[in-house]
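Following: one structure in structure tokens, then a few remarks.
The values are calculated or read from the model by the stated rules, or taken from the named source; none is laboratory data. Just so you know, these numbers come straight off a predicted model, no measurement behind them. Positions of Cβ are backbone-derived with ideal geometry, glycine not excepted, and every protein chain shown enters the neighbour counts. Surface accessibility is based on the protein's heavy atoms, side chains included, excluding ligands, DNA and RNA. Shrake-Rupley method; radii C 1.70, N 1.55, O 1.52, S 1.80 Å.
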Amino acid sequence: MHHRTTWTPEQVPPSRTAHVAPLTAELAAVASGARRRAVRDGDRHTDTAHLLHSLIESDPEVREMFDGGPQLARVLGYLVQRSIGYGLRWQGTREDSGSFPAVPDPGTQAWSPSAAVALDRAVRRAVLRGEPRAGGLDLLAALVADPRCRAVEVLERAGADAARLAVRAAGRLDGADRAE
């Protein structure tokens, strides 16, 4: 039996600005990991919480943005609980916080509107800094920029300050630019 799918985990997520600044190999792996997690959890769409989970697991620079191990452990605890309790209310629903206008590109149905916007915003952040590719901190900053997305809901429930994470990520990105 063959299953048809319009998007496979090996593909880089579509982005309106992908031709300008594609994702780093690491961030493309994060996106693939998020999609695999969504499929494994039985979710129709990959949302911002899937992206956050994959990002934290994959990127040590993103993990450094948190207030130490206990806070990071609480965030990961909430993300892990998604498939066994917390977040079950999300199953079968599509994330769309409405915080940012999203007109999905053809073929982006595998991504929630909020996740598609976050990926696009990460790429745009890199372009604005003059970087050839978006990285993990770009995605973290893009995720926390939407206060009504699932990723921010998880962060807040775990006691992490999304605004503080945004400031730290921006500071690290700006510091990287000045160091060159």
With respect to Ala29, determine if the residue is in contact (Cβ under 8 Å) with a residue 12 or more places away in the chain, over 17 Å from Arg157 (Cβ atoms) and open to solvent by 30 Å² or more (accessible area, probe 1.4 Å).
yes
Could you please give the count of residues in region 130-140 that are open to solvent by 10 Å² or more (accessible area, probe 1.4 Å) and over 11 Å from Glu26 (Cα atoms)?
3
Return the residues of region 39-50 that are touching a Phe, Trp or Tyr at 6+ places or on another chain (Cβ under 9 Å) and under 13 Å from Ala115 (Cα atoms); say none if nothing qualifies.
His45, Thr46, Asp47, Ala49
Could you grab me the full set of residues in region 86-117 that are at positive phi and either modelled with pLDDT of 80 or more or surrounded by fewer than 12 Cβ atoms within 10 Å (Cβ to Cβ) (or both)?
Gly92, Gly98
Report, by residue number, each residue of region 46-66 that is open to solvent by less than 20 Å² (accessible area, probe 1.4 Å) and not small (Gly, Ala, Ser).
Thr46, Asp47, Thr48, His50, Leu51, Leu52, His53, Leu55, Ile56, Val62, Met65, Phe66
Looking only at region 148-159, decide whether some residue is open to solvent by 30 Å² or more (accessible area, probe 1.4 Å), more than 16 Å from the chain's Cα centre (by Cα) and either without any contact (Cβ under 8 Å) to a residue 40 or more places away in the chain or farther than 19 Å from Ser32 by Cα (or both).
yes
Hey, can you tell me all the residues within region 22-57 that are in contact with a strand residue (DSSP E or B) (Cβ under 6 Å, 6 or more places away or on another chain) and not in a helix (DSSP H, G or I)?
Leu23, Thr46
